[in-house]
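Structure record follows, encoded as structure tokens.
The values are calculated or read from the model by the stated rules, or taken from the named source; none is laboratory data. Computed from a predicted model, the values in this text were never measured in an experiment. No Cβ is skipped: glycine too gets one built from the backbone with ideal geometry, and neighbour counts run over all protein chains shown.
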């Protein structure tokens, strides 16, 4: 995609000025790294780093049937949420796969926010809108994706960095809960104890006009902890170490959440789109499963590399892989026939014509 046809976030020009390596991602011009992937990765694991993830999509759902619509289109149990709580979930399709994974935010029984992947904004919007109209749910959908910026401040020192900038008691916001308030003199910021790194921290939703001011204030507040701006490169290595699924790699339109190890976000006490199909997979046991594995031989697994058994028979495919900066070893995830999903099972990864040894391990890696 030509650079001129890519979308920008409110901070794209800042990333360019900071010397970030910019790449096309989900239709946006995004920073993949600023200096060194390992350095950025370890800053988040050990201290604090900040990501511009404003390419993500945000929808509001308001009205009498807001909860009912979300209960129908998502796999998790929305009825368990209380005000100020968030929930990881997915949007099942009618073919047995996943439209997208997302986070559901409950303000109250008649007002929710949905945060979706950048590459799926339009697809998700039309899917949810179609289900609303098809079922006649009485609620209003608003696509706020172009109006909001999202900064992810992640790592063990994130709370110390951000607490300097707000009177909101950040220690009082439990994991997967959120609040709203002022930060760095900016009002109406949503402060969410969520993230995609497994290192702790917060995600901050702010209006585009205030994004640069907030970014600068956080960088200054975090300077004593060695805060670094971080790109999508280490966002991927961080999430993979924690075994978090990436849409388009580990889950997609053809994967069931049961196969992907996401049974914990697939609840059957209330019907949802195509729920009978996924219940049958759960009851009959999936024929394939998403597993984590570590390389025994030297080599880095990549998406679509073939997985084989000890007799070199094809049993699956790699969905994600990298050299883990924290563990200093090559790790990956992939789908295998269920017979090969047990921890410590040795498998082979085909890398450039060679069959290299690996073993299935328990997730997360770290």
Discussion item. If I filter region 335-353 for residues that are crowded, with 18+ Cβ neighbours inside 10 Å, closer than 12 Å to residue 290 by Cα and under 20 Å from the mean Cα position of the chain (by Cα), do I get at least one hit?
Written reply: yes
Item to complete: Determine if region 233-242 includes at least one residue that is closer than 18 Å to residue 117 by Cβ and over 14 Å from the mean Cα position of the chain (by Cα).
Response: no
Discussion item. Go through region 307-334 and report how many residues are more than 16 Å from residue 288 (Cβ to Cβ), out of contact with any helix residue (DSSP H, G or I) (no Cβ under 9 Å at 6 or more places or on another chain) and outside any strand (DSSP E or B).
Written reply: 4
Worksheet entry | Members of region 272-286 found to be part of a loop (DSSP other than H, G, I, E, B) and touching a helix residue (DSSP H, G or I) at 6+ places or on another chain (Cβ under 7 Å), listed by number | 272, 273, 285, 286
Item to complete: Being assigned to a strand (DSSP E or B) and buried (at least 19 other Cβ atoms within 10 Å of the Cβ) is the filter; apply it to region 137-167 and report the residue that is nearest to the chain's Cα centre (by Cα).
Response: 152
Worksheet item: If we only count strands (runs of 3 or more DSSP E) wholly inside region 168-222, which ones have 2 or more residues that are surrounded by fewer than 19 Cβ atoms within 10 Å (Cβ to Cβ)?
Response: 178-183, 186-192
Worksheet, complete the sentence: Checked region 56-70 for anything closer than 18 Å to residue 99 by Cβ and in contact with a helix residue (DSSP H, G or I) (Cβ under 7 Å, 6 or more places away or on another chain); matches are 56, 57, 59, 61, 69, 70
Worksheet entry | Residues satisfying the stated conditions in region 246-259, i.e. touching a residue at least 40 places away in the same chain (Cβ under 8 Å), under 20 Å from residue 285 (Cα atoms) and crowded, with 19+ Cβ neighbours inside 10 Å | 250, 251, 255, 256, 257, 259
Item to complete: Can you tell me which residue within region 111-128, out of those that are part of a helix (DSSP H, G or I) and touching a helix residue (DSSP H, G or I) at 6+ places or on another chain (Cβ under 8 Å), is surrounded by the fewest Cβ atoms within 10 Å (Cβ to Cβ)?
Response: 127
Response to the item:
Selection over region 245-262 where residues are touching a strand residue (DSSP E or B) at 6+ places or on another chain (Cβ under 8 Å) and under 18 Å from residue 94 (Cα atoms) yields a count of 10
Worksheet item: Quick check: is even one residue across region 224-235 buried (at least 17 other Cβ atoms within 10 Å of the Cβ), under 30 Å from residue 77 (Cβ atoms) and assigned by TED's automatic domain parsing to the domain that holds residue 159?
Response: yes
